[in-house]
1. Whole-Hz Karplus ³J(HN,Hα) for the range 133-142, in order, using 6.51 cos²θ - 1.76 cosθ + 1.60 and θ = phi - 60°, x for Gly and Pro?
2. Apply the Karplus parameterisation 6.51 cos²θ - 1.76 cosθ + 1.60, with θ equal to phi minus 60°, to every residue of the range 212-220 and state each ³J(HN,Hα) to the nearest whole Hz, in sequence, with x for glycine and proline.
3. With the dipole of the range 16-248 worked out from charges on the C-beta (+1 for Lys and Arg, -1 for Asp and Glu) around the Cα centre, which of Asn56, Ser185, Pro232 lies farthest toward the positive end?
4. Under the Kirkwood approximation for Rh and a Cα-based Rg, what ratio Rg/Rh is obtained for the range 16-248?
5. Full-extension gain between Asp85 and Glu219, please, as 0.36 nm times their residue separation minus the C-alpha to C-alpha distance.
6. Give the lysines whose C-alpha is closer than 22 Å to that of Lys223, dropping any in the same chain fewer than 8 places away, or say none.
7. May I ask you to derive the FRET efficiency for Thr126 and Arg161 from their Cβ-Cβ distance with R0 = 30 Å, giving the value to the nearest 0.05?
8. Just to verify a number: FRET efficiency for Asp14 and Leu207, C-beta to C-beta distance, R0 = 51 Å, to 0.05?
Amino acid sequence: MREMRPSPVSAPLDHWQVRTDLAAAFQWTARLGMHEAVANHFSLSVNDDGTRFLINPNQRHFSRIRASDLLELDANDPDALKGPDAPDPTAWGLHGSIHRLCPHARCVMHAHPIWSTVLASLAESTLPPIDQNSATFYQRVVVDGGYGGLAFEAEGERCARLLLADPKKQVMVMGNHGVLVVGNSVADTFNRLYYFERAAETYIRALQTGRPLRVLPHEIAEKTAAELDDYPGQATAHFREIRAILDDEGANYAT
């Protein structure tokens, strides 16, 4: 990764390097048009058991989020919504529940990008392996068909429990809602979110032709997914280049 800029704030903030990673992810997501105005949330664990996490401040546009803006919350703190800098209640309900219940989910990105949300709106929301990108996610996606309204605590906990059964499944298609992706770092998680949205776009556009789909057989789809699981350094390189572009443009994410 590129050398990180020093914190410009008067009192150093904890976890500065990962703060800048998460802020860069917000700003790049906005640039790609994968954000939802001042809604949607990304979070990142900063302690060993995953219960302390960084998350975007309430009602802040993704394009304006800086490293110093991020909130640090405790998933086990019942008073998290009472302070002057309280997070959005749905961010707390969904991300707090996941960080409390799913220690393998170090980073959590929930968004409503258009193609993934179209997929989530279909009666059959499974993504078939019709190309290399979609094969990446073969048998690695949870499809949630039980949407129960806004992700306040009960709904957030219900969603979190769907991720517990198989840690191999790091994408949740949230039926009637959007998509949620987890991973072990910002780079890992953002890379997965990016490629899932690309795969969803290819699939929806293929459906729009009305022509039969060329679906990969199980053996080849699983082989491709396993090879991509172990592909060296791709997520890190992708995110390094995102940060490099932002740095070259003088973006303020690392402030």
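No lab work stands behind these numbers, since they all come straight from the coordinates. This one's a predicted model, so the numbers in the text were calculated from it and none came from an experiment. Reconstructed Cβ throughout: ideal geometry from the backbone, glycine too, with neighbour counts over all protein chains shown.
1. For the range 133-142, the Karplus-derived couplings read 4, 5, 5, 3, 9, 4, 6, 10, 10, 9 Hz, x marking Gly and Pro.
2. Using θ = phi - 60°, the values come out as x, 8, 9, 8, 5, x, 3, 4, 6 Hz.
3. Pro232
4. Values: Rg = 17.1 Å, Rh = 17.9 Å.
Computed over Cα atoms, the ratio is 0.96.
5. Values: separation 134, 0.36 × 134 = 48.24 nm, distance 5.01 nm.
That works out to 43.2 nm of additional length.
6. Excluding near neighbours in sequence, the set is Lys168, Lys169.
7. Details: r = 20 Å, r/R0 = 0.68.
Efficiency, rounded to the nearest 0.05: 0.90.
8. On the way: r = 46 Å, r/R0 = 0.91.
Result of the calculation: an efficiency of 0.65.
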